[in-house]
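A short worksheet on the structure shown next.
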Amino acid sequence: MYPQDQHYTKQHEWVRVAGDAGIVGITDYAQQQLGDIVYVDLPRVGAKVEQGKVMGSVESVKAVSDIYAPVSGEVAETNEALAASPEKLNESPHEGGWLVKIRLSVPDEIQGLLSAADYEKYVAEEETGH
Amino acid sequence: MVDFGGWHMPVEYSGILGEHAAVRTAVGLFDVSHMGEIEIRGAEAGALADHVTTNSAGKLKTGQAQYSALLYEHGGFVDDILVHKISSEHYFLCVNASNQEKDYRHLADSNRFQAAAELTSDRYTQLAVQGPLALATLQKLTDAGLDAIRYYHFIDHSIAGVRALIARTGYTGEDGFEIYFAPEHSERLWNAILDAGQEFGIKPCGLGARNTLRLEAGMALYGHEIHASITPFEAGLGWIVKMEKGEFIGRAALARQKEQGIARKLIGFEMTGRGIGRDDYEVFLEGVPAGWVTSGGPSPTLKRNIGMCYLPADKAAAGQRIEIVVRNQPVEAVTRTMPFYKRTIS
């Protein structure tokens with residue numbers, strides 16, 4: 001079950017809108033696929049990110065994976081705890097393991113993202129698809 | 001699950017870090033049935049084994065195993081293998097899954113001896129039990145004194161009621177055993193070992209932990225550190241080449257290389273900058289492309305990012321500053337000797 005108050009992408013990121021900003025993370029499905037996460041590379045505060053473009057990466061023991069910005073805007077805050085404790089991404093992907101807070105430059109982008117129910121359906125299809 | 005040479009193999013069961021730690025501190029169980037087996041039988045079985053391998057197969061004692069290589073005439077690797085001498089007329093080879101057909105053909109094509117090579121992979125399941133408590137775990141299942149089996153030796157004995165070849169070998173840098181037996185007993189022995197190891201915290205381990213463990217131990221993986229264009233001298237495996245034993249396939253090329261010197265050499269590295277050097281990443285030396293990463297990733301034991309790479313031989317010494325191109329960004333690293341991890345013998 002994915003949190004209802006978050007919006008999702010097919011690249012397995014989520015956004016929770018808080019005022020004029022969006023808090024961004026990767027989904028529980030993504031962390032499960034990656035396995036033990038050991039390293040997170042995030043954009044700097046002040047960096048401009050664009051929806052659908054790579055904004056960072058997350059590395060597990062076995063693989064490296066890009067993180068795509070689910071929304072456009074300016075990075076207002078990053079989750080500094082992840083540098084020392086990347087395992088938070090495995091333990092709490094939708095809460096304590098959030099990645100960045102982005103000040104939304106195109107708030108309407110949110111409308112184009114998936115709902116929790118649609119994302120869940122999408123993941124189920126991905127899992128049975130291969 | 002990943003498709004690995006036609007086998008469905010779990011990369012991990014409960015998590016690579018936990019599985020890795022179980023092997024370093026307690027015991028882990030690996031299903032490595034994908035590995036291939038080739039058996040050589042006949043009056044001149046030893047002579048064929050000696051002819052096709054680099055190490056001194058001919059000097060093996062009954063019940064002894066050795067790490068060795070099959071080479072092409074040009075000196076590159078066909079495969080790296082384990083050779084077990086069951087008797088003077090019977091040698092048992094454990095080979096890499098994806099190479100078994102090629103290895104078998106290589107042996108058959110080189111066979112001018114009174115011996116027959118046979119690909120017998122279908123007749124064996126292989127389980128690896130690895131870690132400081134591997135011995136204690138398996139000892140509960142057999143009346144054979146396992147501690148009497150020395151490193152790189154084996155016995156043919158019953159374990160949990162299953163007749164098996166029990167070898168004190170492994171691919172993790174820990175003490176442990178590799179067990180070969182008939183596939184119909186797979187589930188029974190797997191479960192018996194898990195039950196026996198439960199009190200020690202045994203964990204089933206997948207390919208992911210197998211890879212991080214062997215990387216820390218500085219062990220080569222075919223297709224990464226070694227392949228058809230790499231020789232044992234380049235891979236730091238000169239110790240499995242016995243030039244003095246006489247003729248073997250690849251010897252002439254190795255003799256030439258020994259005379260001329262090697263152009264590149266495998267060396268370990270540790271990241272000093274932020275980033276993880278991974279397989280196939282490019283290595284720069286003073287801003288110029290100079291080599292490539294063969295295997296790299298986080299070391300769960302050392303909590304550092306480590307790897308192995310090829311560099312020009314004259315630069316492949318410990319303490320050399322290099323840069324690894326991590327997703328288009330050069331990141332600083334320093335070369336170091338291997339293994340990265342060595343167990344303390346208690």
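Do the conditions hold for B:Asp122, that is, is it part of a strand (DSSP E or B), surrounded by fewer than 21 Cβ atoms within 10 Å (Cβ to Cβ) and in contact (Cβ under 8 Å) with a residue 40 or more places away in the chain? Against the criterion (part of a strand (DSSP E or B), surrounded by fewer than 21 Cβ atoms within 10 Å (Cβ to Cβ) and in contact (Cβ under 8 Å) with a residue 40 or more places away in the chain), B:Asp122 does not qualify. Against the conditions (1) modelled with pLDDT of 95 or more; (2) touching a helix residue (DSSP H, G or I) at 6+ places or on another chain (Cβ under 9 Å); (3) within 14 Å of chain B (Cβ to nearest Cβ), A:Gly97 satisfies every one except (3).
A single member of B:Gly236, B:Gly206 is more than 14 Å from every other protein chain (Cβ to nearest Cβ) and in contact (Cβ under 8 Å) with a residue 40 or more places away in the chain, and it is B:Gly236. Annotation for segment B:210-222: no member residue is surrounded by fewer than 18 Cβ atoms within 10 Å (Cβ to Cβ) and part of a helix (DSSP H, G or I).
Out of B:Ala128, B:Ala196, B:Ala217, one residue alone is among the small types (Gly, Ala, Ser), closer than 30 Å to B:Arg278 by Cβ and out of contact with any strand residue (DSSP E or B) (no Cβ under 9 Å at 6 or more places or on another chain). It is B:Ala217. The residues in segment A:32-55 that are at positive phi and either outside any loop (DSSP other than H, G, I, E, B) or within 11 Å of another protein chain (Cβ to nearest Cβ) (or both) can be counted, and the count is 1.
Scanning segment B:184-206 for residues that are of a type in the set (A, V, I, L, M, F, W, C) and either in a helix (DSSP H, G or I) or more than 12 Å from B:Phe30 (Cα to Cα) (or both) yields B:Leu189, B:Trp190, B:Ala192, B:Ile193, B:Leu194, B:Ala196, B:Phe200. In segment B:143-164, is there at least one residue being closer than 18 Å to B:Leu213 by Cβ and either touching an Asp or Glu at 6+ places or on another chain (Cβ under 7 Å) or part of a strand (DSSP E or B) (or both)? Scanning segment B:143-164, I find no residue that is closer than 18 Å to B:Leu213 by Cβ and either touching an Asp or Glu at 6+ places or on another chain (Cβ under 7 Å) or part of a strand (DSSP E or B) (or both), so the answer is no.
The values are calculated or read from the model by the stated rules, or taken from the named source; none is laboratory data. Quantities reported herein were computed from a predicted structural model and do not represent experimental measurements. So basically every Cβ, Gly included, is an ideal-geometry build from the backbone, and we count neighbours across all protein chains shown.
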